[in-house]
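Dumping the structure here so I can ask a few things about it.
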Amino acid sequence: MGKYFGTDGFRGEANENLTAEHAFAVGRFLGWYFNEKKKKEGSAERARIVIGKDTRRSGYMFEYALSGGIVSSGADAYLLHVTTTPSVAFVVRSEGFDCGIMISASHNPFYDNGIKLFNGAGEKMDEETIARIEDYLDGKTEKAPYATRENIGRTVDYVAGRNRYIGYLISLGIYSFKGWKVGLDCANGSSWNIAKSVFDALGATTFITGAEPDGTNINRGVGSTHIENLQKFVVEKGLDIGFAYDGDADRCLCVDEKGNLVDGDQIIYLYARYMKERGKLFGDTVVTTVMSNFGLYKALDEIGVKYEKTKVGDKYVYERMSEGGFALGGEQSGHIIFSKYACTGDGILTSLKVMQALIDKKTTLSKIVEPMTVYPQVLKNVRVKDKAAARGDSEVIFSIAQVEQALGDTGRILVRESGTEPLVRVMVEAESKELCEKYVQSVVDVIIKNGHKVD
């Protein structure tokens, strides 16, 4: 992680620690940098950079600031307008763009925003380029020259790119959804004008909630971070299944026909089993993060599926999947990656794949995940002055070791620094919620006692 960019882009409160000036500077650097790369490759064409945004009010400001910086450096900016993060990645890799930008703070409240960057392959931007951007923001390198006269870039309205992404998703629906009553919670975010179009086209009877964005209500009481909204919706409407997305729709959580949550770990389990049964799971292996539930690993062991663990972040999951050639990976939070079809988490794609498994096996969501027991889990976030100092405190480390010894092979503890916020996250999984709370609090108490917590 750098000074500005964390595990998922440059994120902060709009016009506080992420400003229009930051966005303009990032745009200037990217326009210049990719134009220079083209020149070195012997191309006379301008660099082309595609930009999407979610429904936050500050998105307009950052969209114009980024595109202003890009065109002032002589590159062209293509505007998808309100769209999903995975659609930006899709358009970049399928239509020959040099770079992609998504303006979003994902599941964060509306007053936060972020700048996510993708390379020409539609993958999260490499660390070397991110480091160069940070040096530019800090004035450690010369300012990119302004383009003049006919060399100034242009902006292009590119809603057509988003529409092609919608068509791509529809093309992946190999079965008709006719007869299925499906609920979609779009978090008042970027999927609000995409998800229903896809499910309607595939024949579902679609019911939608969280689809009235006003610039300030993204993720507010709706979406994957407030799954209770969809749970109530599914039960009240008598639906067969429900899917909840986050603000930029790179996550998906499910609700079964009984109103129960089916999280990312359960999605990985059901689809790993489905792929293995058809001989489609390369290496009989999935990629998870260290935050995946203890119950997932036990369930995978029972069906003969191996697993690898990465740091938290779908970026790291995808990197390991690429290295090993693996087909399926993801996070408990709902970032699920199907590497044959996408190189980032894609909430709507995940929905389609869950539907495919259910229809093919002629079953319900509650039945297909029944063999997996989800261990009780308690997670507490402690806002601290210094993440590294709190996590590295010798007394904190000793308290963690005590919990590990007490749990043995009946659970686990994970204490880690947040990649995007000044938080230390303390998580325990055990046979009962009471044990989880007891052991989490024992570590949190040490963090507080030693003066690391910010009030």
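Please treat every number below as a calculation from the coordinates, not as lab data. Just so it is clear, the model here is predicted, and its values are computed rather than measured. Positions of Cβ are backbone-derived with ideal geometry, glycine not excepted, and every protein chain shown enters the neighbour counts.
Report, to two decimal places, the Cα Rg of the range 170-230 normalised by 2.2 N^0.38 Å (N = number of residues).
Working: Rg = 12.3 Å, N = 61, 2.2 N^0.38 = 10.5 Å.
Here the answer is 1.17, to two decimals.
Moving on. Return P(r) of the range 172-368 (all Cα-Cα pairs; 5 Å bins starting at 0; whole %; ordered from short to long distances).
Each 5 Å bin holds this share of Cα pairs: 1, 9, 17, 21, 21, 15, 10, 4, 1, 0.
Given the Cα-Cα distance of Lys340 and Lys258 and 0.36 nm per residue of separation, how much length would full extension add, in nm?
Details: separation 82, 0.36 × 82 = 29.52 nm, distance 3.15 nm.
Full extension from Lys340 to Lys258 adds 26.4 nm.
Note down the nm distance, to one decimal, between modelled labels 7 Å out along Cα→Cβ at Asp214 and at Arg278.
Taking the simple label geometry, Asp214 and Arg278 are separated by 4.3 nm.
So, one more: Using only the Cα atoms of the range 122-243, construct the convex hull and provide its projected area averaged over every direction, in square nanometres to one decimal.
On the way: hull surface 47.3 nm².
That works out to 11.8 nm².
Taking a threshold of 25 Å on the Cα-Cα distance, which of the pairs Lys276/Lys367; Lys38/Lys116; Lys309/Lys387; Lys258/Lys380; Lys178/Lys353 fall above it? Display every interim value, and only then the final one.
Values: Lys276/Lys367 18 Å; Lys38/Lys116 22 Å; Lys309/Lys387 22 Å; Lys258/Lys380 28 Å; Lys178/Lys353 16 Å.
Distance filter (> 25 Å) returns Lys258/Lys380.
With N set to the number of residues, divide the alpha-carbon radius of gyration of the range 5-163 by 2.2 N^0.38 Å and report two decimals. Before the final figure, lay out each step's value.
Numbers: Rg = 14.2 Å, N = 159, 2.2 N^0.38 = 15.1 Å.
The range 5-163 yields a ratio of 0.94.
Would you mind computing Rg(Cα) / (2.2 N^0.38 Å) for the range 296-428, counting N as its residues? All intermediate terms of the calculation are to be shown ahead of the outcome.
Values: Rg = 17.7 Å, N = 133, 2.2 N^0.38 = 14.1 Å.
Dividing the Cα radius of gyration by 2.2 N^0.38 Å gives 1.25.
Any chance you could check the Cα centroid distance between the range 244-290 and the range 386-435 for me, in angstrom?
Distance between centres, Cα-based: 26 Å.
How big is the Cα convex hull of the chain in projection, averaged over all directions, in nm²? If you can, show how the numbers build up before the last one.
Details: hull surface 87.9 nm².
Convex hull of Cα atoms, orientation-averaged projection: 22.0 nm².
Right, here's the next one. Kirkwood hydrodynamic radius for the range 377-449: how many Å is it when counted over pairs of different Cα atoms?
Working: mean 1/r = 0.0828 Å⁻¹.
Final number for the Kirkwood radius of the range 377-449 is 12.1 Å.
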